[in-house]
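Heads up: the structure comes next, in structure tokens.
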Amino acid sequence: MIEMKIESSAFQNNQNIPAKYTCDGENINPPLKISGVPENAKSLALVVDDPDATRGITWVHWILLNIDPAIGEIAENSLPEKTKELVTSFGKPGYGGPCPPKGSKPHRYFFKLYALYDKINSVEEIDKHTIEKAELVGFYSR
């Protein structure tokens, strides 16, 4: 069985995210490569979050639902066709790059990819429909 993976040509797993993809740069999504999606997946979901946000909350930076499982990659600064974008912790849909408080320790940003049995309409449905999960972690500090 091939293991599902999410990778980026912009940064390696557990390495620093370039400023270009943060609030200090162009604030655009990094390119993401997806491989090893299970054959029985009907859709993919992507959740990008920061569990190191202040006040003990997990800050959500991007939520994509119903991504075509055959996509292979999400290009830099793009939204895959027919994908549903949900409202993030920034109060609006769309990618919001890392933007930790100045002087804080590096924050971890989790790019969590889920292969799902079906198309879904909310984040709450992800766990019930997950076949497999892959993760890419990047760090950023200001």
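The values are calculated or read from the model by the stated rules, or taken from the named source; none is laboratory data. What you see is a predicted model; the values in this text were computed from it and never measured. Cβ coordinates were reconstructed from backbone atoms using ideal geometry, including for glycine residues, and neighbour counts include every protein chain displayed. Ligands, DNA and RNA are stripped out before the accessible areas are found, and what is left, the full protein with its side chains, is counted by its heavy atoms. Shrake-Rupley method; radii C 1.70, N 1.55, O 1.52, S 1.80 Å.
The table that follows gives values for the structure above.
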item: Pair list, Cβ < 7 Å and 6+ apart or interchain, from the stretch 118-142 residues that are in a strand (DSSP E or B) to residues that are surrounded by 14 or more Cβ atoms within 10 Å (Cβ to Cβ) and of a type in the set (D, E, K, R); result: Lys133/Lys112; Ala134/Lys5; Glu135/Lys112; Leu136/Glu7; Val137/Arg108; Phe139/Arg108
item: Where a residue in the stretch 71-85 is on the phi > 0 side of the Ramachandran plot and its partner, wherever it lies, is among the hydrophobic types (A, V, I, L, M, F, W, C) and assigned to a loop (DSSP other than H, G, I, E, B), with Cβ under 7 Å and at least six apart; result: Asn77/Ile28
item: Boolean, Pro69 is in contact with a Cys (Cβ under 9 Å, 6 or more places away or on another chain) and either among the aliphatic types (A, V, I, L, M) or modelled with pLDDT of 95 or more (or both); result: no
item: Matching entry among Lys5, Lys42, Lys92 (being farther than 18 Å from Tyr140 by Cα, surrounded by fewer than 15 Cβ atoms within 10 Å (Cβ to Cβ) and charged (D, E, K, R)); result: Lys92
item: Some residue of the stretch 10-31 being in contact (Cβ under 8 Å) with a residue 24 or more places away in the chain, of a type in the set (Phe, Trp, Tyr) and assigned to a helix (DSSP H, G or I); result: yes
item: Selection within the stretch 51-64 - surrounded by fewer than 21 Cβ atoms within 10 Å (Cβ to Cβ) and part of a strand (DSSP E or B); result: Val60
item: Residue satisfying all of: in the stretch 32-50; polar (S, T, N, Q) and not in a loop (DSSP other than H, G, I, E, B); nearest to Ile63 (Cα to Cα) among these; result: Ser43
item: Hits in the stretch 102-117 - residues which are open to solvent by 60 Å² or more (accessible area, probe 1.4 Å) and part of a loop (DSSP other than H, G, I, E, B); result: Lys102, Gly103, Lys105, Pro106, Tyr117
